[in-house]
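Working notes for the structure below.
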Amino acid sequence: MINRLIRGFGGGGLLKDFAFAVRLLRRHLTFTASATVTLALGIGASTAIFSVAQATLLKPLPFRTPDQLAFAWGVAGPERDIRGASYYEVLDWNRLNSALDGVSIYDATSLSLSTDAGAVRVAAEMVSAPYFSMVGATAQLGRTFTAEEDAEPNAYPVVVLSDRLWRARFAADPAIVGQTLTLNDRSFTVVGVLTPDFNGLSFDSDLWFPAAMVQANGGPADLTVRTNRWLGAVARVRDGITIAQAQSDLDRVAAQLTKDFPDANADRGIQLFTLRENYVGEAEPILLAVLAGVALLLLIACANVAGLQLVRYSAREREIALRRAIGAAQSRLLQQLIVEGAVLAALAAGFGLLIANWGLAGLLLLAPEGTLPAYAPPAIDLRAFGFAFAVAIGCGLLFGLVPALRRERSDLSATLRGSRGSQGASGASRAAPQPVLVVPQTSFALLLVGGPAPRA
């Protein structure tokens, strides 16, 4: 039946059908407003959540081969509760493993930068020398840290600046390399400025200092004490090695450290987390649940508008039957119905994008700090536009095909005669498709209301 409906579709008259659809929508403003608002709300909600989902779950992380990067944390006890690691513990992870290209100490912190206007807090990262090559960060001026600056604690007070800090605080002075800054009341020498595309694994850092300078940030005076644990680390997995294989190798390293240092490392382990796991965490199942919920909401909106289309079609049934009787091709009538649905859906999509933009702004204001990762701020971008209009196209086809399928089952002669008996039969047939829409609509509503709550 569908093949017969679409045979010859698109044979011409699209502009006339478009103009006719616009006239119909203007003539029936109550229907147009009801259908547009219903569908726009569904499109707007789904587009806003899609924007968050694609930014959080689909957008690639801004680092070199990010799938090979992972955070490494010390864990303790049978529950593997996350704990920090000591300075030399992280160095041992790097020395003893056979599955990683490198392990760098990583600690997101802040330092007090003394300026002519007074001291300001600056977001910083304390890292080891391999950090920059591991994440793909390069210097546009000067250099990053050397292995020597990691070798001796508290001996090399050097610092690398972000491009943002260099421009904001030092007027992009090209002679900044070699100058001295006062950080936490201690002098540091600037050795480099990074390229503008990098602001650290925290996405908001403006300077980096060597992990060996930990005392400048209030670290312990004796780094050899293995029970002084407060550090994290970032690791790069070797090519051809999976995260699971790297985790197995680090379990071996942890067992070796327990054997070598039984007092300090008893019941201690090492746990890898991919960057996305670390950044998204508990937000992923919640976001997927919300995305499923708004998808059901969109389906309910489509079912409601399809029902409104059927009601409106019933009022036009005699007109369409007359056009069939004087020779209008089935494909031509189908084209007109689909164009009418497409115009309505496109109108709803336009308003839906406005609702999505407002809704997304509200979501970002209401979301608790840290719920969404900072690496990909959600926005109504080209993908969101494409999603909204893809939904609109699908809705337009649905709104055209449902009346068209209803028309296939109608009794042409009975509709034209308009007799009492035939009208009863026609009315019965008219009502037949409506329960077909009510059943899925009710099912979607029950799923939306009674679905399982996301994991907290």
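Bear in mind that the values in this text are calculations on the coordinates, not laboratory data. In this text the structure is predicted, and so the values were computed from the model without any measurement. A quick note on method: Cβ atoms are made from the backbone with ideal geometry, for glycine too, and the neighbour counts reach across all protein chains shown.
Taking 0.36 nm per residue of separation and subtracting the current Cα-Cα distance, fully stretching the chain between ALA33 and GLN140 would add 32.9 nm. Anisotropy class assigned to region 96-239 is oblate, per the alpha carbon gyration tensor with a/c at or over the 1.5 cut-off and a/b no larger than b/c. With only alpha-carbon pairs counted, each pair once and no self-pairs, how large is the Kirkwood hydrodynamic radius of region 77-138 in angstroms? Hydrodynamic radius (Kirkwood, Cα pairs) of region 77-138 is 14.3 Å.
Shown is the FRET efficiency for ILE393 and ALA361, computed with R0 = 35 Å from the Cβ-Cβ distance and rounded to the nearest 0.05: 0.85. In plain terms, the bigger the Kirkwood radius, the slower the diffusion; for region 220-267, with that radius from Cα pairs, at 20 °C and 1.002 mPa s, Stokes-Einstein puts D at 168 µm²/s. Between LEU288 and ARG312, the C-beta separation translates, for a Förster distance of 60 Å, into a calculated FRET efficiency of about 0.95. For SER202 and ALA171, the FRET efficiency from 1/(1 + (r/R0)^6), where r spans their Cβ atoms and R0 equals 25 Å, is about 0.50.
Given their separation in residues at 0.36 nm each and the Cα-Cα distance between them, ARG64 and ALA117 gain 15.3 nm when the chain is fully extended.
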